[in-house]
Ligand code: ADP
């Protein structure tokens, strides 16, 4: 099972990815988490990404594409993976298609979590408040506003991109966490049965 979770910051991608990971024994690949680890460890990628991430801008496509391509080849991804926060640009989506093709892999579904923008600020504020003083430097009101702009400009076009491939499924991300995951589960079951009959 290989899928993409698509949606603005605070949509609940990470929460849903973790549930899917437990349920299906597939790996969550969060480029945000991977980049934050690189920043913490002060790797060359981390040093390059740090200020870009604090601003809420996107790290260059070639950097994240290389990280993902390396990661999907690890043994823990052999059962599948959930891409959370990647792709974030059309160029990344094209690079992903190319790498999956080269590795003989296919996507089962692209799940868009649709949420009201007004709710996002509240969710991100809550995440910062619950972090026990270890809030992400980009979880401030200003950075969130900017991240939303970046999302609208660079990532939202992916919704149309994946609609054209017929793989896009949209879920109402304003529901309770469990209702969202039940709906994602239904989508995955459907994708699996379509696959079995095709
Ligand atoms: P969000 O809560 O906005 O979904 P993430 O944890 O996914 O946050 O990402 C945090 C930051 O990491 C982004 O604002 C961006 O700077 C960087 N980042 C994560 N994934 C990507 C990507 N696929 N392409 C470019 N930059 C990325």
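Every number in this text was worked out from the coordinates using simple rules, so none of it is lab data. All values reported here derive from a predicted model rather than from experimental measurement. All Cβ positions, even for glycine, are placed from backbone atoms using ideal geometry, and neighbour counts span all protein chains on display.
Worth a mention:
- Calculated [222 nm] ellipticity per residue, helices only, for the chain: -17500 deg cm²/dmol; basis is -39500 (n - 2.57) per DSSP H run with n ≥ 4, divided by all residues, nearest 500.
- Each residue, residue 22 and residue 149, gets one label point 7 Å from its Cα in the Cβ direction; the gap between the two is 3.8 nm.
- Label zone of residue 127 (point 7 Å out along Cα→Cβ, amide N under 14 Å): in the stretch 135-152 this covers 135-149, 151.
- Tail weight of P(r) past 32 Å, computed on alpha-carbon pairs of the chain, percent: 11 percent
- Dimensions of the stretch 136-198 along the principal axes, based on C-alpha atoms and rounded to the nearest Å, stand at 48, 28, 17, largest first.
- Multiplying the residue separation of residue 51 and residue 179 by 0.36 nm and removing their Cα-Cα distance gives an extension gain of 42.4 nm.
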